[in-house]
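Take a look at the structure below.
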Amino acid sequence: MSKIVCPFLGFTTEADRVEKPCMLEKCTFYNTSEACCTFHEIGKASREYLVSLKKLAEQNELILLRDRCESFTPDEKTERMELYMSQGQLSKAKGDLERATLDFKKALILDPTNPRAHQTLGDIYSVQGIFDEAISAYKNVLRCDPDSGETWIKLILQYRAMYSHLPHRETLYAEVTQKLRDELRAPADLLPRSALRVVAPVVYGD
Ligand code: SF4
């Protein structure tokens, strides 16, 4: 029996409805090659189109702000940056991560080295499983604040998650630690002790 429930069949009266399965090949709207209902395909394509429109609008918002940014006074930049940060936190608390991401990106246009914005963006990407973006965000935090032990842990955890399914993950963790030292221009003996204390157990285990 088909798992597709027909949106049109099953109405006995205006008030009552019993779910009826798709009639498959007996229906004109059944797409045999894709094994699905044409109306379901239209619905899916419409949703995808709306998502792409939304992303385009968000990109345009960012481009517009980047263009206008130069004309803002330092006070205006700070004021707007704080506004976007607050809006972003609010959206994040409500679970609207897409809106929150847009707000934190706007805050970073006005204040590119803002560690709070980078940190929160990293947290959002981490929750979404977008490891490479989370890694970039946490690295940006560490460039401003290499002593942030919490961020070191988060960064390493992203690498762990990204490599967790690979058989040679232990080697990769060790390589990553070395690479991070080079990238952040912090040789082993210059890495903050607090950072080393928290990174080592996470990378190598107890
Ligand atoms: S193909 Fe026809 S019967 Fe099947 S779900 Fe679509 S409209 Fe209903």
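Throughout, read-outs are computed from the coordinates displayed, never taken from laboratory work. Please read these numbers as outputs of a predicted model, since none were measured by experiment. Reconstructed Cβ throughout: ideal geometry from the backbone, glycine too, with neighbour counts over all protein chains shown.
Numbers at a glance
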read-out: Using distinct alpha-carbon pairs, which all enter the 1/r mean, Kirkwood radius of the range 74-156 in Å; value: 12.6
read-out: Semi-axis lengths (Å, descending) of the ellipsoid that matches the C-alpha gyration tensor of the chain; value: 46, 27, 14
read-out: Between 0 and 90°, nearest 10: helix 169-183 axis offset from the chain longest Cα axis; value: 60
read-out: Nearest-20 debye value, the range 99-159 charge dipole, Cβ charges on Lys, Arg, Asp, Glu; value: 160
read-out: Proximal aspartates and glutamates relative to residue 54, as straight alpha-carbon distance under 19 Å, when same-chain residues fewer than 8 apart are discounted; value: 96, 98, 103
read-out: Per-residue HN-Hα couplings for the range 27-41 [Karplus 6.51, -1.76, 1.60; θ = phi - 60°; Hz; x = Gly/Pro]; value: 9, 4, 8, 7, 8, 5, 5, 9, 6, 7, 7, 4, 5, 5, 5
read-out: Ranked packing of 69-80, 116-127, most packed first, by mean Cβ within 10 Å; value: 116-127, 69-80
read-out: Computed over the range 1-71, Kirkwood Rh from alpha-carbon pairs, angstrom; value: 15.6
read-out: Calculated from backbone phi, Karplus (6.51, -1.76, 1.60) coupling profile of the range 127-136 in Hz, x at Gly/Pro; value: 4, 7, x, 8, 4, 5, 5, 4, 4, 4
read-out: Reach of residue 3 by Cα under 22 Å, taken over lysines that are not fewer than 8 positions away in the same chain; value: 20, 26, 44
read-out: Under-5 Å amide H pairs with residue 37, H placed in peptide plane, nonlocal only; value: 31
read-out: Phi-based couplings in Hz for the range 60-74 (Karplus 6.51, -1.76, 1.60; Gly and Pro marked x); value: 5, 4, 5, 5, 4, 5, 4, 5, 7, 3, 4, 7, 7, 6, x
read-out: Neighbourhood charge, 11 Å Cβ-Cβ cut-off, centred on residue 125 and excluding it, Lys, Arg +1 and Asp, Glu -1; value: -2
read-out: Relative contact order [Cα under 8 Å, 6+ residues apart], the chain, whole percent; value: 11
read-out: Set of lysines with alpha-carbon distance to residue 139 below 26 Å, sequence-local pairs under 8 removed; value: 55, 77, 92, 105, 106, 154, 179
